[in-house]
Amino acid sequence: MKVLAFSDLHTDLRACQRLVEVARANEVQVAVGAGDFAIMRRGLQPVIDELAKLPCPVVFVPGNGESVDELKAACSGYDLMHVLHGSSVVIGSQVFFGLGYAVPETPFGSWSCDLSEDAAAEMLRDCPSGCVLVSHSPPLGHVDQNSRGEHVGSRTILDTIQRVRPKMVCCGHVHDSWQTTSRVGDVPIYNLGPVGSLLMLDGAEVA
């Protein structure tokens, strides 16, 4: 399965258009968007309308810049778009499990959609082994360094990766770590950013 994964578009329609072109040129089978399509809860619908041109099923999680209800409303009517937040979808033979929002809470104010570590743990309880884990926030200590060199990722997401050993983890949120990779054991972790990355999943072909 060929996957195009990205995050943090923040209303950049040109970046959306480039992703659609990449998906078409590379015969991508699944696209993954790891949150933050809007800016401070604004400008979401034009981004989703542009990403609806992707020629494949799409898996989204909400970032802290849009709520899950706002994202679901923006995606309504687009049958190939799947919004995950403490939930999963099977595409081909591959399970994708998603957790949106910022974990742990940010200092950004009331507009930001955040989760505590405890709330995230409850939502990740049913995350299955061998899934593709799509989370807006990165795991603590991996692809999560901000401009001051501080690790600001989630302990709960790290614990979940160690517990269920997903095939890979797609995340974003921490802009200073875009386009960086890490590993937790044999599990690859990708902080994507708006440029996106082409990734391969073995044994999960789409008919």
### Message
I need the full set of residues from segment 35-56 which are under 18 Å from Gly98 (Cβ atoms), in a loop (DSSP other than H, G, I, E, B) and either more than 14 Å from the chain's Cα centre (by Cα) or among the basic types (Lys, Arg) (or both), in order please.
### Response
Leu54, Cys56
### Task
Mind counting the residues in segment 105-136 that are closer than 19 Å to Asp69 by Cβ, buried (at least 20 other Cβ atoms within 10 Å of the Cβ) and in contact with a Ser or Thr (Cβ under 8 Å, 6 or more places away or on another chain)?
4
### Message
Which residue is nearest to the chain's Cα centre (by Cα), if the candidates are limited to segment 122-163 and must be small (Gly, Ala, Ser) and within 21 Å of Leu4 (Cα to Cα)?
### Response
Ser135
### Task
Could you tell me whether any residue of segment 37-45 is in contact with a strand residue (DSSP E or B) (Cβ under 9 Å, 6 or more places away or on another chain) and either at pLDDT below 95 or closer than 25 Å to Ile189 by Cβ (or both)?
yes
### Query
Quick one: in segment 62-82, which of the residues that are touching a strand residue (DSSP E or B) at 6+ places or on another chain (Cβ under 8 Å) and buried (at least 24 other Cβ atoms within 10 Å of the Cβ) is farthest from Thr106 (Cα to Cα)?
Leu71
### Query
Restricting the search to segment 113-126, which residues are part of a loop (DSSP other than H, G, I, E, B) and not hydrophobic (A, V, I, L, M, F, W, C)?
Ser116, Arg125, Asp126
### Task
Please work out which one of (1) within 24 Å of Gly141 (Cα to Cα); (2) assigned to a loop (DSSP other than H, G, I, E, B); (3) touching a strand residue (DSSP E or B) at 6+ places or on another chain (Cβ under 8 Å); (4) touching a residue at least 60 places away in the same chain (Cβ under 8 Å) is the condition Thr106 fails and give its number.
(4)
### Query
Identify, please: which residue in segment 3-34 is part of a strand (DSSP E or B) and in contact with a helix residue (DSSP H, G or I) (Cβ under 9 Å, 6 or more places away or on another chain) and is, among those, farthest from Ser112 (Cα to Cα)?
Leu4
### Query
Looking at segment 1-43, which of the residues that are among the β-branched types (Val, Ile, Thr) and closer than 18 Å to Leu199 by Cβ is surrounded by the most Cβ atoms within 10 Å (Cβ to Cβ)?
Val32
### Message
If Phe96 satisfies all but one of (1) of a type outside the set (Lys, Arg); (2) surrounded by fewer than 21 Cβ atoms within 10 Å (Cβ to Cβ); (3) at negative phi, what's the number of the condition it fails?
### Response
(2)
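The values are calculated or read from the model by the stated rules, or taken from the named source; none is laboratory data. Quick caveat, the model's predicted, so the values are computed rather than measured. Cβ atoms come from the backbone with ideal geometry, glycine included; neighbour counts cover every protein chain shown.
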